[in-house]
Amino acid sequence: MFIEPQHGNTARGWIEVICGSMFSGKTEELIRRLKRARIANLSVKIYKPAIDTRYHPEHIVSHDENSIQSTPVDNSSVILELAKGVNVVGIDEAQFFDEGILDVCNRLALGGTRVIVAGLDMDYTGKPFGRIPDLLAIADYITKLHAICMVCGHIANYSYRKTDDQGQVMLGEKNAYEPRCRACYQKQH
């Protein structure tokens, strides 16, 4: 869907996607980029899905316990209203957002905003997760991060679920998931 750019706007926005498995450092990288934008005196707003309350209800928090204030939202369309006039928008756990997240990111970028999105590219079954594949397709910049396989020590790009829960969405930490390389992941499936 084509969205008409705002006339007279000389700022150029873009979309960056940070993806990878659990424990690959996605949120850590998102926080790093957002803090650098603040150092550059840019206005920054951060959003996360309201369902993600693992570490803190209003912060995005990395597994290394770095954090930054964010606004939890139930629907991606809310981001458009809250982010008016902002230079940089950060969105964490984007795989949990509704289909509208694509339109939101496009509109923000066309309006001159730098949009930095982080999320899991695959679910625990190894299938594409949520809208992340679509965001990767429209992104201007993509960073794929890898964790370390907890079985063999090679690079890992799969999120292995250690529980019997079969639902696609299951918020968890180190007790529920571990990173695995392709070979070690396939041995368990």
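Any read-out appearing in this document is the output of simple, stated calculations on the displayed coordinates, not a laboratory observation. Fair warning: this is a prediction, and the values are worked out from it, not measured in the lab. When we count neighbours, we look across all protein chains shown, and the Cβ atoms used for this are built from the backbone with ideal geometry, even at glycine.
Each Cα pair under 8 Å and six or more residues apart adds its separation to the average, and for the stretch 14-145 the resulting relative contact order is 38 percent.
Between Ser77 and Ile138, residue separation times 0.36 nm minus the direct Cα-Cα distance comes to 20.2 nm.
For the pairs Lys48/Lys144; Lys35/Lys162; Lys26/Lys162; Lys45/Lys162, flag any whose C-alpha to C-alpha distance is greater than 25 Å. In this structure, Lys35/Lys162; Lys45/Lys162 exceed 25 Å between Cα atoms. The Arg36 and Gln69 beta-carbon pair, evaluated with R₀ = 25 Å, returns a calculated FRET efficiency of approximately 0.95.
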